[in-house]
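Coordinate-derived values only; no laboratory data. As the structure is a computational prediction, the values presented were derived from the model and not from experiment. Glycine gets a Cβ as well: all are built from the backbone with ideal geometry, and neighbour counts include every protein chain shown.
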Amino acid sequence: MRFVAPAREVVDPGVFARPPLSQWSEYEDLLRGEWPDIAQLNARRSDASSRFVAQTPELLADGEHYEQRIFGCGAIATRERNWHDLLNALIWLRYPQLKRALNARQVAEIASAGPKCRTRAQCALTHFDEGGVVVGVRDTGLLAMWDAHDWHGLFWREREAWSDGRIEAVVFGHALLEHALVPTQLLVGKCVVATLQSENVESATQSVSCAIARGEILNDPQELRPLPLSGIPGWHAENVSEGFYRAAACFQPLRSGRRYPAALCLHHNI
């Protein structure tokens, strides 16, 4: 069933106080109150290489593919009064380097395969754009639990790891943020993982951008690690109970034969 975002006036304000939406508090004025217009979004840009433009029939009449329009003239078609496109705009505001890397790769794939075909790389790029999470890990021992889908171990037995800096997650996908508008929604992200030393997870996003741009990652959807974000302490109201990790539908067992790629080494990708 296709997800339908709640009307702006009925969104539970509590969702903005809980991750992942609380990670975007610098844009609280755009998320609450009246819908922002295109001019307000453009006023917040730090990157002059692209701009938001209203998605109108006149704009679409140019026949350009969404990604090609961004690549060719920097115009990001944006539907007004629309949660999905507003949240996409926030990603462009905070992570323009990541978005440009995805866009350039999409355009290259379109040029290679044609506008009516979808390659495995395009699927991976789209999955990350819509549902992506950048995860930074300092304690690589946690990856063994993740590899095995030992969700009880990763989220309950190692609960403190999510607050003491051993593992951090930042949501990049705007569709994930849209789903987070409903507090009962069980969120599962599609992750790129980087090992951290003295850096923080925000630094890892720059490294991920470079790896995407160079074509080192996101060449197949199977590269992306699923992570039930609702299991992270504080990210879902019910995960204060151990039983949540036994019963919630987001905690799926590892499929036979499924293997995940190694984490990116951050210093190799800067």
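Just a few scattered comments:
- Globularity index of the chain is 1.01 (Cα radius of gyration / 2.2 N^0.38 Å, N = number of residues).
- When +1 charges are put on Lys and Arg Cβ atoms and -1 charges on Asp and Glu Cβ atoms, the dipole computed for segment 90-182 relative to its Cα centre reaches about 480 debye.
- Inter-part distance, segment 19-77 to segment 169-195, computed on C-alpha centroids, equals 20 Å.
- Among the trypsin sites (Lys or Arg not before Pro) within segment 114-189, those in coil by DSSP and having at most 12 neighbouring Cβ atoms inside 10 Å are Lys116.
- Dipole in debye (nearest 20) - segment 125-268, about Cα centre, beta carbon charges: Lys, Arg +1; Asp, Glu -1: 340 debye
- Percentage of interatomic Cα-Cα distances in segment 48-165 larger than 26 Å: 38 percent
- For the chain, the Cβ-based charge dipole about the Cα centre amounts to some 620 debye (Lys, Arg positive; Asp, Glu negative; other atoms uncharged).
- Segment 1-105: chymotrypsin sites (Phe, Trp or Tyr not before Pro) in DSSP coil with no more than 11 other Cβ atoms inside 10 Å: Phe3
- Antiparallel %, DSSP beta bridges [both residues in the chain], to 5: 45 percent
- All-pairs Cα distance distribution in segment 6-58, expressed in whole percent, bin size 5 Å: 4, 16, 21, 21, 19, 13, 5, 1
- Where a label projected 7 Å from the Cα of Trp35 along Cα→Cβ would reach, residues of segment 61-78 with amide N under 16 Å: 77-78
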